[in-house]
Amino acid sequence: METGRKNRLSPSILAADFNRLGADIREAEEAGADFLHVDVMDGDFVPSISFGMPVIRSIRRESGMFFDVHLMVREPIRYLAEIADCGADLITVHLEACADVKKTLSAIRELGCQAGLSIKPGTPVSALEEYLPDVDLVLIMSVEPGFGGQKLLPESYERLREARRRIVHSGRGILLEVDGGITLENVSEILAAGADVIVAGSAVFRGNIRENVTAFRNLLRK
Ligand code: DX5
Ligand code: ZN
């Protein structure tokens, strides 16, 4: 996972061409993407359904990237063992989706994965506070989860600043990830608000993947 760089780019394969998924992932990896963001949607916690275990297992065989698996799934504790077995490195669950958040986070760690906790735009950032001792990453959703290609909600900047303040105060080396509507135009402001890990779907996989990743990497390096 250690890349030697402060910020990481985590392209979301939700926006990839599933007809050539392996090739799209390879192109993003070769161009310098750090993580691979894998969005699992259950059609219940969020309105849409994306893909699940067989896809993750298949791409794991082809890629050595750090798999950043974002579970938009109600009661994800039911699936953690299988997701870990598919090759996840980091598993992020939604605070709003778990009856017992602490138990879910400790189950992730017991499986040998890093644990992430995400909140939707309507959930106060303060709700994360009690879980900071149990997480490796916090994910601030900058759109309503469920679909790629949406516009970033402007309140996300302040929410990132608040999350960053709380992480600093915790004294723990927690990564701060942001997901939804990130583009080459707004990423610098997003980084300035305190994000470490940038998820980008459409802005990476629509168009020339190599050029898009390179352009992001140049901005992330500044
Ligand atoms: C949305 C997903 C995101 C999505 C981002 O619910 O969690 O990861 O793929 O896509 P863009 O970057 O297109 O907003
Ligand atoms: Zn996501």
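The values are calculated or read from the model by the stated rules, or taken from the named source; none is laboratory data. Nothing here was measured: the structure is a model prediction, and the numbers come from that model. For neighbour counting, all protein chains shown are included, and Cβ atoms are generated from backbone atoms with ideal geometry for every residue, glycine included. Surface areas here come from the heavy atoms of the whole protein model, side chains and all, with no ligands, DNA or RNA. Shrake-Rupley method; radii C 1.70, N 1.55, O 1.52, S 1.80 Å.
Quick notes on this one:
- Protein-only accessible surface order, largest first, of 36, 152 at 1.4 Å: 152, 36
- For region 175-222 versus region 96-158, the spacing of their alpha-carbon centroids is 19 Å.
- Accessible area per residue was computed with a 1.4 Å probe on protein heavy atoms; residue 221 scores about 140 Å².
- Positive dipole terminus of the chain, leading residue within 70, 169, 94 (C-beta point charges): 169
- Solvent-accessible area per residue for region 14-122 (1.4 angstrom probe, square angstrom): 40 Å²
- As a fraction of the 1.4 Å probe accessible area of the chain, surface on carbon and sulfur atoms comes out at 50 percent.
- Residue 126 contributes about 60 Å² of solvent-accessible surface, heavy atoms of the protein only, 1.4 Å probe.
- Considering only Cα atoms, the convex hull volume of the chain works out to 110 Å³ per residue.
- Residue 41 - accessible surface, heavy atoms, 1.4 Å probe, Å² rounded to 10: 10 Å²
- Taking the helices alone, the chain has a mean residue ellipticity at 222 nm of -9500 deg cm²/dmol, built from -39,500 (n - 2.57) per DSSP H run of at least 4 residues and averaged over all its residues.
- Entry comment: accessible area of region 124-164 is 44 Å² per residue, from protein heavy atoms only and a probe of 1.4 Å.
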